[in-house]
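What follows is a set of notes on a single structure, which appears directly below.
The values are calculated or read from the model by the stated rules, or taken from the named source; none is laboratory data. It should be emphasised that the depicted structure is a prediction, and the values quoted were computed from it without experimental measurement. With ideal geometry, Cβ positions are generated from the backbone for all residues, glycine too; neighbour counts draw on all protein chains shown.
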Amino acid sequence: MSNMISYEQKNTPIHKLSGLTKLVFFILWCLTSALTFDTRILILMIIIGVVIYWIADVKWKQVSGVFWAIMFFMVINLVCIFFFSPYEGCKIYDSRTDILHLFGNYTLTKQQLFYEFNVFIKYFTVIPSVFIFLVTTDPSELASSLNGIGVPYSISYALEITLRYIPDIQDEYHKIKNAQEARGIEMSSKGRLFDRIKNTAAIIFPLLFSTMERIDVVSNAMELRGFGKKKKRTWYSQRPLVAADKAVIVFSVAFFAITMIITYMDGNRFYNPFL
Amino acid sequence: MVTDTPIIEFSDVSFKYHAQKEPTLKNINLKIYPGEKILIAGQSGSGKSTLAHCLNALIPCSFTGDMSGTLRVCGKEPAKLGVFGMSQKVGTVLQDTDGQFIALTVAEDLAFALENDEVPRDEMIAKVAEVSDKLELTNFLGSAPGALSGGQKQRVSLGGVMACDVKILLFDEPLANLDPATGKRTISLIDDIMHDEDMTVVIIEHRLEDVLYKDVDRVVLMDGGRIVADMHPDELLCSDLLVDNGIREPLYISALKAAGVKISPDTHPQHIETMDISPYKDAVHSWYHEAKFEHVGRETENLLEVKNLKYRYDESRQVIDDVSFEIKKGELVSLVGKNGAGKSTLASLICGFNKQDEGTILFAGEDIADLSIAQRGEKIGYVMQSPNQMISKPMIFDEVSLGLVTRGVPEAEIKERVNEILKICGLYPFRNWPVSALSFGQKKRVSIASILVMKPELLILDEPTAGQDYKHYTEIMEFIRDIRRQMPITIVMITHDMHLMLEYTDRTLVLTDGKLIMNATPAEVLTDNKVCDKAYLKRTSLYDLAMKCGIEDASEFAARFIEDERRRK
């Protein structure tokens, strides 16, 4: 579990890009996906996404857990859209072609199916880019990138230090859990759910206290070494932008601009095959 | 090298924390000259850490209080420069190397202070390369903290402050978390660095013998907020000031004193290797032959039998490799070895936190393979290193009774058993107190009491004295000894502390790379050169003393001395 969705050092072209480049690409990519409902653009984005995913050499094992969690929420999302607004598609595409009457006021229409299909593929335009971004970006480089685009360094460093301590805290959690189990506090699936929730406190409190102790030491150590002294700081892990970075940034901006033009050319953000 | 202008000068400095009534530092006068190496020793509460905090300006900038007198460091007043300003002059290396390791990789951590100082990236890279070269860290620049040994982490901490071109290095208990051999290497490293870089070094430490492994110019001994001695180690070791102020003397000095010798400074007692022992030889010899010594063989039955135990987390490394040993009822056994040798893994196999791949564990003759963690917990108690890792209830009584409550023991019986244990552990007067009102040592007792209440036959203690000074160490160990007198209990202790092993334990198991390389009395282990080297232990200085006096059986000599010391306590 410990290395799920975490940075892994590799030597692919994607890994070599600077964190700033990947951040810009990621933000613009998600923005495009959020704004457009143009099916042609969404499908193109899925294709590009899969290709990059393949180049970045992401291992399925690293991301599968999160993938299934997203799938779960996606299904809930699609079902809810249908139940709360079964004729959303008809409104959007301004036409109605019934397929099947289900019950009461619910009738399945081609327009609704097509609308939900668009929502469905939107998920798949974003998912690979999230995975690629998290798995190929060095957290400290990410912190420096965030700082580079104007996020205050205290906030970007807080992010870095969180990532630095996740393995330590996981370790500590397992140690404490073992010791409490030895005292008879049942944490395995054998115990009843309510007892397990109650017993979690026996782990959380010691974990909290030992973490507090650590925070004290770390913040003193940081102060002793000049953290927070100046308004700005430089970053050892920052990578200067190379030609590839510039190319990707130009591509991202251009891609965003072009897709927006195509999307909004006809006055709304939906591609309408029914007219 | 030593010039007339002090680099650090305390003139009549007193300091009182706002939260306290009494001043912690009282009229401190101290001069330290460029190029000196000063050891500041004292028990907890002596004011040594407060003194150190004055140097890096954490006092009065982060810990507020009333300060009087004047302090100058490099001609400046720390209070005016602030913590940041002082970080350019005094590099502080903390006791907790894990806490000091802030960044995600070695290189970034070395650069941390430079980043904060807005040093351009190119300069930073050059500086990191230079520092890592000096400290032999070049091959680890990309490593995460989790992948480093304790000694390597310490070198990173040192490198992190050296990157700022500081003039003074301040070490706050540098040896506390290191195995003995690594500690020794750290002391050598400090010595090399200060000579190569022309620095002044201040070391705060109570493990005197380990620091004196390399020459120290002066020892400043503190007690009750005052400086009680400021002298050359040769002179200090001849006096009784150390013992009177709660600091442990080097063992060879204690042994010489036990033999009735009056040590004089001109025999240079600072290092046993170079000390002139000839005037004392006869006295030591006659003491050795007169010392009463009985070999007490414990012929009781086995409580724990471990046979051919094998375990690995993944394919890469055999963490426990064919380990077999027995532990007899009533024994106190120490389990030693360097960090990562498999000590904790062995303990977790015995407790059932992990399952062995091969081999058997017999407890009182029965195979415990099928018992769950909780079931084993009734027979085998496990106490973690820090009490904060175990305590989950706000009140002492509730904390100690937790193990019984979860097992559904009737209330009346719980009350009786908890009270009984609280009395044994000296906690009965505090039974209705909140845990937060206790000192660290008392919390430790609570965490041990909460395990003892389940009446385990075997108790495993993970580094019970780590990070504790001599006074608290003695307090904890005497407490454990006391429990043994009152209850029939067998104890296994994981430890780095050679003194603890020699002084309190009956037998020692030495683990190296997952293999059990020795199973013998502590005196035998600590006088065996080969084993000490392999397991990163530090050979006891009693061995050197015995050799220098021409006593061939060094382990016998060590055993007799410890026996003699125990009797006199």
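Based on this model, can you work out whether A:T107 counts as part of a helix (DSSP H, G or I), surrounded by 14 or more Cβ atoms within 10 Å (Cβ to Cβ) and among the hydroxyl-bearing types (S, T, Y)? Against the criterion (part of a helix (DSSP H, G or I), surrounded by 14 or more Cβ atoms within 10 Å (Cβ to Cβ) and among the hydroxyl-bearing types (S, T, Y)), A:T107 does not qualify. Filtering segment A:186-218 to residues that are acidic (D, E) and facing chain B (nearest Cβ under 7 Å) leaves A:E186, A:E213.
Criterion applied to B:K379, B:K338, B:K355 was being under 30 Å from B:Q318 (Cβ atoms) and modelled with pLDDT under 90, and the one residue passing it is B:K338. Just one of (1) surrounded by 23 or more Cβ atoms within 10 Å (Cβ to Cβ); (2) touching a residue at least 12 places away in the same chain (Cβ under 8 Å) fails for B:S392. It is (2).
Taking segment B:163-174, which residues are farther than 26 Å from B:E209 by Cβ and either surrounded by fewer than 23 Cβ atoms within 10 Å (Cβ to Cβ) or not assigned by TED's automatic domain parsing to the domain that holds B:V128 (or both)? Can you show your working first?
Keep residues of segment B:163-174 that are farther than 26 Å from B:E209 by Cβ, which gives B:163-167.
Selection gives B:C164, B:D165, B:V166, B:K167.
Scanning segment B:50-94 for residues that are within 14 Å of chain A (Cβ to nearest Cβ) and at positive phi yields B:A57, B:G82.
Just to be sure before I move on: is A:R183 exposed (fewer than 12 other Cβ atoms within 10 Å of the Cβ) and either more than 30 Å from B:G91 (Cβ to Cβ) or more than 14 Å from every other protein chain (Cβ to nearest Cβ) (or both) in the structure I sent? In short, no.
Against the definition (assigned to a helix (DSSP H, G or I), modelled with pLDDT of 85 or more, facing chain B (nearest Cβ under 7 Å) and over 31 Å from the mean Cα position of the chain (by Cα)), how does A:A221 come out, yes or no?
When the stated conditions are applied, A:A221 passes them.
Being surrounded by fewer than 16 Cβ atoms within 10 Å (Cβ to Cβ) and touching a residue at least 60 places away in the same chain (Cβ under 8 Å) is true for just one of B:A347, B:A369, B:A364, B:A341. Which residue is that? Please lay out each step first, then the result.
Values: B:A347 fails: surrounded by fewer than 16 Cβ atoms within 10 Å (Cβ to Cβ); B:A369 fails: touching a residue at least 60 places away in the same chain (Cβ under 8 Å); B:A341 fails: surrounded by fewer than 16 Cβ atoms within 10 Å (Cβ to Cβ).
After applying the criteria, what remains is B:A364.
Only one residue in A:Y157, A:Y93 is within 12 Å of another protein chain (Cβ to nearest Cβ) and in contact (Cβ under 8 Å) with a residue 24 or more places away in the chain. Which one? Being within 12 Å of another protein chain (Cβ to nearest Cβ) and in contact (Cβ under 8 Å) with a residue 24 or more places away in the chain holds for just one of A:Y157, A:Y93, which is A:Y157. The requirement of being surrounded by fewer than 17 Cβ atoms within 10 Å (Cβ to Cβ), outside any loop (DSSP other than H, G, I, E, B) and more than 12 Å from chain B (Cβ to nearest Cβ) is satisfied by A:A244.
Residues in segment B:95-104 that are more than 7 Å from chain A (Cβ to nearest Cβ) and surrounded by 23 or more Cβ atoms within 10 Å (Cβ to Cβ): how many? Walk me through it before giving the result.
Kept after step one, since they are more than 7 Å from chain A (Cβ to nearest Cβ), are these residues of segment B:95-104: B:95, B:97-98, B:101.
Next cut, surrounded by 23 or more Cβ atoms within 10 Å (Cβ to Cβ) only: B:97, B:101.
So the answer is 2.
Among the residues making up segment B:35-57, those that are in contact (Cβ under 8 Å) with a residue 60 or more places away in the chain and touching a Pro at 6+ places or on another chain (Cβ under 8 Å) are B:L39, B:L55, B:N56. Criterion first (part of a strand (DSSP E or B), in the same structural domain as B:K534 (by TED's automatic domain parsing) and under 20 Å from B:N519 (Cβ atoms)) does B:I350 satisfy it? Criteria not met by B:I350. The residues in segment B:160-177 that are over 16 Å from B:Q43 (Cα atoms), touching a Ser or Thr at 6+ places or on another chain (Cβ under 7 Å) and not basic (K, R) can be counted, and the count is 5.
Being within 29 Å of the chain's Cα centre (by Cα) and among the small types (G, A, S), is that true of even one residue in segment A:92-112? Within segment A:92-112 (the criterion being within 29 Å of the chain's Cα centre (by Cα) and among the small types (G, A, S)), the answer is no, since none of the residues qualifies. Among the residues making up segment B:443-477, a single one is touching a Cys at 6+ places or on another chain (Cβ under 8 Å) and away from chain A (no Cβ under 14 Å): B:R445.
Check segment A:52-62 and report whether any residue there is in contact with a helix residue (DSSP H, G or I) (Cβ under 7 Å, 6 or more places away or on another chain), charged (D, E, K, R) and on the phi < 0 side of the Ramachandran plot. Break it down stepwise before answering.
Just the residues of segment A:52-62 that are in contact with a helix residue (DSSP H, G or I) (Cβ under 7 Å, 6 or more places away or on another chain), to begin with: A:52-53, A:55-56, A:58, A:62.
After this cut, where a residue has to be charged (D, E, K, R) as well, the list is none.
Checked segment A:52-62: no residue is in contact with a helix residue (DSSP H, G or I) (Cβ under 7 Å, 6 or more places away or on another chain), charged (D, E, K, R) and on the phi < 0 side of the Ramachandran plot.
All conditions in (1) surrounded by fewer than 20 Cβ atoms within 10 Å (Cβ to Cβ); (2) modelled with pLDDT of 90 or more hold for B:E503, with the sole exception of (2). The criterion of at least 1 residues that are within 14 Å of another protein chain (Cβ to nearest Cβ) and more than 16 Å from the chain's Cα centre (by Cα) is met by the following helices (runs of 4 or more DSSP H) wholly inside segment B:122-233: B:150-162.
Residues in segment A:4-19 that are assigned to a helix (DSSP H, G or I) and within 14 Å of another protein chain (Cβ to nearest Cβ): A:H15, A:G19. Each residue in segment A:140-180 was checked for being surrounded by 15 or more Cβ atoms within 10 Å (Cβ to Cβ), of a type in the set (S, T, N, Q) and farther than 28 Å from A:A201 by Cβ, and 5 of them qualify. Here A:R214, A:R239, A:R196 are screened, and the one residue that is in a helix (DSSP H, G or I), modelled with pLDDT under 85, under 26 Å from A:V151 (Cβ atoms) and not hydrophobic (A, V, I, L, M, F, W, C) is A:R214.
Note on segment A:32-90: residues that are hydroxyl-bearing (S, T, Y), surrounded by fewer than 16 Cβ atoms within 10 Å (Cβ to Cβ) and within 29 Å of A:S6 (Cα to Cα) amount to 1.
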